Amino acid sequence: MINLNVKINASEKNYPIKINNNDIPELYNEVLEITGKNNILAVISQKVFKLYGNFLNLPKERIFILKDGEKEKNFKTYQKILAAALKLKLTRNDFIIAIGGGVCGDIAGFAAATYMRGIHLIQIPTTLLACVDSSVGGKTGIDTGYGKNLIGAFYQPDAVFINTNFLKTLDERQLKTGLGEVVKYAFIEKSCKCDEEFNLINFLSLNSDKILAKDNKTLEYLINICISLKKSVVEKDEKEGGLRKILNFGHTYAHAVEKLTKYKKYTHGEAVVKGMEFAFDMAQKMGIIVESYKYIAEDLIKKYNFKKIPDFDIKKVISVMKTDKKATAENIIFILPVDCAVVKEYKMFDNEILKYFDGN
Ligand code: GLY
């Protein structure tokens, strides 16, 4: 078990992140240890509900089934979750439990953050992406026509329960979506300032067969590494004032790809891989990395055979990147590789980016 200790304003919140492969129905007792006799509204992904049923033994009215897909992460669904909580007369002592992938955790987390100015929250991530990234660290939110995650809150859960048995039913595309974020951790590892050294680039390079075959022990180990890295970053910078920005490696371009394709064509992880390729390309053109590191990065990405995304018109990409919440009025913020597993923030003007990429 990993304990994440986040300073929130002047106070501290310390919450457990439990990683195991117990039988899924055992989650019932693990959850009860946290909720006690308080009431629960479970927001559960439709796919997970179909596959695993009501493993928390909740009465029907306490289950909100969330349709799958990024397009569900919207105002309307958010309102419906709040309406369900109001109908159940949940109080501030009660719990919302998010059971599903990133979309589920983000929207249920945002509902928990805002219902009565905040009620208890438990995250039970069921996809690799949610296990290694979105369920940990307190980012919650919804999408609007103006962009992804533009409405949201930092809201830390009371506990995160990761059960790797859920990963057994992930299809290849969902697995690779999570692996996109895992590869991101490899390229930022040293910048995470974690006490432990994992050499994740090497690990991912040597164990791709086992990882792609969803070997349970290997995935469990991998999740532990990613969460240790994320914990190290979030504990130092909960609200992305500085260090946490490194977790957005590949994301500036990725969010533009997702928006340009209306969140329909590519998954988040696929777009992040494209964003990382773009970042390596830019870093090489700027002369801030040695060529050999770019080749190492390209080889690692190739090993996982991610979905190929074509280049987009750079002017269109720039105009969308400027609407990202990380952008300022004058420039776009990129996290770029500068050395093996080391990244740095760069603020770039349109014309600088165009200088490197016009003609694409
Ligand atoms: N997914 C990036 C972060 O949690 O900061």
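Every number here is computed from the coordinates shown, using simple stated rules; none is lab data. Every value quoted in this text rests on a predicted model; they were computed, and no experiment measured them. Cβ: placed from backbone, ideal geometry, glycine included. Neighbour counts: every protein chain shown.
Long-range amide H contacts for N39: which residues qualify at under 5 Å (H placed 1.01 Å from N, peptide plane, sequence gap of 5 or more or a different chain)?
When sequence neighbours closer than 5 places are left aside, the close amide H contacts are F95.
Using only Cα atoms, find the angle between the long axis of helix 268-286 and the longest principal axis of the chain, and express it within 0 to 90 degrees, rounded to the nearest 10.
For helix 268-286, the angle is close to 30 degrees.
Along its principal axes, what span do the Cα atoms of the chain show, with the longest given first and each in whole Å?
That works out to 59, 42, 40 Å along the principal axes.
Over the range 3-111, what is the relative contact order in whole percent, taking alpha-carbon pairs under 8 Å and six or more residues apart?
29 percent
On a C-alpha basis, how far is the centre of the range 253-267 from the centre of the range 145-189 in Å? Whole number, if you could?
Answer, in whole Å: 16.
Report the net charge of residues surrounding E197, where surrounding means a beta-carbon distance below 9 angstrom and charges are Lys +1, Arg +1, Asp -1, Glu -1.
-2
Under 19 Å Cα to Cα from K210, which aspartates and glutamates show up? Leave out anything in the same chain fewer than 8 places away.
D171, E172, E181, E220, D299
About the Cα centre of the chain, what is the dipole size in debye to 20, counting +1 per Lys and Arg Cβ and -1 per Asp and Glu Cβ, all else neutral?
Charge dipole of the chain: 1180 debye, to the nearest 20.
Report the net charge of residues surrounding I314, where surrounding means a beta-carbon distance below 10 angstrom and charges are Lys +1, Arg +1, Asp -1, Glu -1.
Summing Lys/Arg as +1 and Asp/Glu as -1 gives -2.
Got a sec to turn the phi values of the range 85-90 into Karplus ³J(HN,Hα) couplings, 6.51 cos²θ - 1.76 cosθ + 1.60 with θ = phi - 60°, whole Hz, x for Gly and Pro?
Result, ordered by residue: 5, 5, 4, 7, 6, 4 Hz.
Counting pairs of alpha carbon atoms under 8 Å apart in space and at least six apart in sequence, what relative contact order in percent does the range 217-360 give?
RCO, the range 217-360: 24 percent.
K73: net charge of surrounding residues, Cβ under 14 Å, Lys/Arg +1, Asp/Glu -1, itself excluded?
Computed value for this residue: +3.
Test of the criteria: in the range 106-200, which chymotrypsin sites (Phe, Trp or Tyr not before Pro) are in a DSSP loop and have at most 16 other Cβ atoms within 10 angstrom of their Cβ?
For chymotrypsin sites (Phe, Trp or Tyr not before Pro) across the range 106-200 that sit outside H, G, I, E and B with at most 16 neighbouring Cβ atoms in 10 Å, the list reads Y146.
Considering only V290, L86, A98, whose Cα is most displaced toward the positive end of the charge dipole of the chain, charges sitting on Cβ of Lys, Arg (+1) and Asp, Glu (-1)?
Among V290, L86, A98, the one farthest towards the positive end of the dipole of the chain is L86.
Dipole magnitude of the range 210-360 about its Cα centre, charges +1 at Lys/Arg Cβ and -1 at Asp/Glu Cβ only, in debye to the nearest 20?
With only Lys, Arg, Asp and Glu charged at Cβ, the dipole is about 520 debye.
So which of K67/K87; K176/K302; K259/K322; K139/K193 end up more than 18 Å apart, counting from Cα to Cα?
K67/K87; K139/K193
Specify whether the C-alpha gyration tensor of the range 223-348 places it in the rounded, prolate or oblate class, a ≥ b ≥ c being the square roots of the eigenvalues: rounded for a/c under 1.5, otherwise prolate if a/b is larger than b/c and oblate if not.
rounded
Calculate how large, on average over all directions, the projected area of the Cα convex hull of the range 45-105 is; give the answer in nm² to one decimal.
4.3 nm²
For E61, E189, E298, E30, what's the fewest-to-most ordering of other Cβ within 10 Å of each Cβ?
Final ranking by Cβ density, sparse to dense: E61, E298, E30, E189.
Which order results if L128, L150, L222 are arranged by neighbouring Cβ count within 10 Å, fewest first?
The most exposed by this proxy come first: L150, L222, L128.
Using Cα pairs under 8 angstrom and six or more residues apart, how large is the relative contact order of the chain, in percent?
With pairs under 8 Å counted, the relative contact order is 15 percent.
As a test of the formula, what do you get for the chain when each DSSP H run with n ≥ 4 contributes -39,500 (n - 2.57) and the sum is divided by the residue count, at 222 nm and rounded to the nearest 500 deg cm²/dmol?
Result for the chain, helices only: -13000 deg cm²/dmol.
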